[in-house]
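Worksheet for the structure shown next.
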Amino acid sequence: MSGTSPLARRDFIARAGTVAGAAALLGAADLARPGLAHASAAPHVYTRAEWAARPPISAAQIIAAPDHLIVHHMAFPNSTDYSLDHAFQLSRDCQDLHMDTNGWDDTGQQLTISRGGHVMEGRNRSLEAIGQGANVMGAQTANHNGHTLGIENEGTYITELPTAALWSALVQTLAWLCDVYGLDPHAAIAGHRDYVATQCPGDALYAELPRLRNEVANAVGTARNPERAAPYVRTGLPAPRRPGDHGPALGANEPHS
């Protein structure tokens, strides 16, 4: 895979295997739709109140369920602070960037995962909407925010891979969402670059999306797709211009966010 040595990739896979399904890290949350039995346990998702979010300029609009789940990298530094305090500060820093620099009403993405594997609510009303089997209008994939749900993963993954803790949390989060929305992981999980011209989620992470889909499929009990090769990793895509710039997130004809 581009920019990642075979040794580094083997080490990543081995470390990811040791933490897969780590209940102590992820916990469980009762966020499924009422009255439905879900096979995939929800991760513990820390609420906006827990990470001390600022009030949004306006309440997010609840919209129909998404048909695609978008994997992002945040284009933030690859921190080695895996603590919950750092994760909460990450969410606050992201919200400040999106509101104060981008001029949005709130954090753009619906969910955020830190390099320590902590999962946090992003845009206001995201957990409320997921609990209803719905979504909120976000600002994370330009011209496609009306039918996608975005997951920001702390770090920059052009040449490096996520931590094993982040990977494990991402698998569980995607499995939970596929279960809630009745989505096929192989059809539903996409990278930001699948929709717009951007490096996001990074060459290294993007090349791992087939394996990610298979691990999510295992978690939800659907068929693997072993014949699907790693995607062709396009080179020369626009790289982050500054921390937090992971590519076009809001289209010109989309409502102000």
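No lab work stands behind these numbers, since they all come straight from the coordinates. As the structure is a computational prediction, the values presented were derived from the model and not from experiment. No Cβ is skipped: glycine too gets one built from the backbone with ideal geometry, and neighbour counts run over all protein chains shown.
For Arg54, Arg48, what ranking results if the residue with the fewest other Cβ atoms within 10 Å of its Cβ goes first?
Placing the least packed residue first, the sequence is Arg54, Arg48.
I want the local charge near Gly202. Using Cβ-Cβ distances under 11 Å, sum +1 for each Lys or Arg and -1 for each Asp or Glu among the other residues.
-2
How charged is the neighbourhood of Asn143? Take every other residue with its Cβ under 15 Å from the Cβ of Asn143, and add Lys/Arg as +1 and Asp/Glu as -1.
Result for the local shell: -2.
Taking the Cβ of each residue in Val45, Val196 as the centre, tally the other Cβ atoms inside 10 Å and list the residues starting with the fewest. It would help to have the intermediate numbers written out before the result.
Details: Val45 23, Val196 17.
By the 10 Å Cβ count, ascending: Val196, Val45.
Taking the number of other C-beta atoms within 10 Å as the exposure measure, put Leu177, Leu84 in order starting with the fewest.
Ranking Leu177, Leu84 by Cβ neighbours within 10 Å, fewest first, gives Leu84, Leu177.
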